[in-house]
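Scroll down for the structure; my scribbles are underneath it.
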Amino acid sequence: MNLTTTYLGLKLANPLVVGASPFCDAVHVARQLQDAGASAIVMRSLFEEQIDAEQRALHHHTESIADSNPEASSYLPPYAEYQLTPDHYLRQLEHLKQSLSIPVIGSLNGCRPGGWTDYARKFEAAGADAIELNLYTLVTDPARAGDDVEADMLETVRSVVKSVRIPVSVKLSPFHTSPANFAVAIEQVGAAGVVLYNRFYQPDINLEDLEVQPQLRLSDSGELLLRLRWLAIISPHLRGSLAVSGGVHSADDIIKALLAGAHTVQMVSVLLRHGPRILSGLLGRMTEWLTDHGYENLDQVRGAMNLQRCPDPAAFERANYIKILQSWRV
Ligand SMILES: Cc1cc2nc3c(=O)[nH]c(=O)nc-3n(C[C@H](O)[C@H](O)[C@H](O)COP(=O)(O)O)c2cc1C
């Protein structure tokens, strides 16, 4: 069985990629993931806020880094709480490149154009094979219209893409008015691929303390469904690469993502729960399914169930919503 796939122009041994997470913080852990079958690995993100704080502090020698962004400092983690300083990040990237044979993808996280995007060039110089730009944002200002937010995002992507020669993928949120249109626009400004989707961590309210509680719950396969729908809708319209992130936990999940149009699947929660060794089992079960169903390579599978090719395209569309609601009887 030929499991190779091309993602962002990189030839990968199989479609299983370790998504952005703490796994790259220790080189030996990243190597375990590689040995278990990961075909590429994405580092945790370096954040716009973190880089801005450092650049401002360097600019005003007298200002301490921790106090350099007074309006945001009450909300953002203190500088020392970020796991990797920008310098440390670049050094870790170099270590990973020296120790691993699989591609290493650096992750930048921000959504407004600015000096922080210079770090793309530093990632490239440190040896990154590609950059994943995470456009995570939460617009709480009712005066900001969607068009304005998206224009900033496109400008950010454009400035990262034009500063490097390595490929840039963009990790998107599902909460755009027209996700397919925005994915195409991202490609038009030069991105080599998109990652569907960011996972939003929803805070809860503690009824005893009347406090808002941030929480990080790992995903389950249920979260894949939103991604499958949009992969199926978007994949026929993109020439570049598509990765899915969110809810990939089993060989079945991987195969569904490929059928809907993904070139790679990114996994984090399943690896945090079960450790690197689960990867070899996933590869084995995936190969078994593909062989049993008469496939020889992933090109035959990819997109076979996208919106243009699946037997019932309406199942992905509004028609299905109406049918489902109408099907219930009491
Ligand atoms: C502990 C942890 C740290 C993460 N850190 C990052 C990060 O730095 N940048 C990023 O883009 N995504 C980050 N993510 C999100 C993952 O890359 C991924 O998109 C998300 O967990 C959904 O995939 P999953 O269902 O396989 O967990 C993190 C996730 C976890 C659980």
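Go through I186, N297, A128 and say which Cα lies farthest out towards the positive end of the charge dipole of the chain; charges sit on Cβ, +1 for Lys and Arg, -1 for Asp and Glu. With unit charges placed on the Cβ atoms, the residue in question is N297.
Residue ranges 189-195, 22-28 sort as 189-195, 22-28 when ordered by packing (mean number of other C-beta atoms within 10 Å per residue, highest first). Centre-to-centre, using Cα atoms only, the stretch 90-141 and the stretch 304-330 are separated by 38 Å. On the basis of the beta-carbon distance and an R0 of 41 Å, D252 and I205 show a calculated FRET efficiency of 0.70.
Highest average first, the peptides 259-265, 11-17, 293-299, 88-94 ordered by how many other beta carbon atoms sit within 10 Å of their residues are 259-265, 11-17, 88-94, 293-299. Local charge for C111 was computed over the other residues whose Cβ lies under 9 Å away, with Lys and Arg +1 and Asp and Glu -1, and equals -1. Against the main long axis of the alpha-carbon atoms of the chain, helix 48-59 sits at an angle near 20°. Counting only alpha carbon atoms, the long axis of helix 251-260 and the longest principal axis of the chain meet at about 90°. Dipole size of the stretch 274-330 about its Cα centre, with +1 on Lys/Arg Cβ and -1 on Asp/Glu Cβ: approximately 340 debye, rounded to the nearest 20. Taking a virtual spin label 7 Å from the Cα of D292 along the C-beta vector, which residues in the stretch 247-264 bring their backbone nitrogen under 18 Å of it? Residues 249-259 qualify, since their backbone N sits under 18 Å from the label point. Report note on the peptides 247-258, 113-124, 197-208: ranked by the mean count of other C-beta atoms within 10 Å, highest first, their order is 247-258, 113-124, 197-208. Electrostatic tally near A20: other residues with Cβ closer than 13 Å to its Cβ, Lys and Arg +1, Asp and Glu -1, net +1.
Each label point was placed 7 Å from the Cα along the Cα-to-Cβ direction; for L325 and Q300 their separation is 4.2 nm. Under the simplified labelling scheme, the A26-A315 pair shows an inter-label distance of 4.3 nm, with each label point 7 Å from Cα along Cα→Cβ.
Here, each number is a calculation from the coordinates, and none is a lab measurement. Small disclaimer: the values here were computed from a predicted structure and weren't measured. Neighbour counts run over all protein chains shown; Cβ positions are idealised from the backbone, glycine included.
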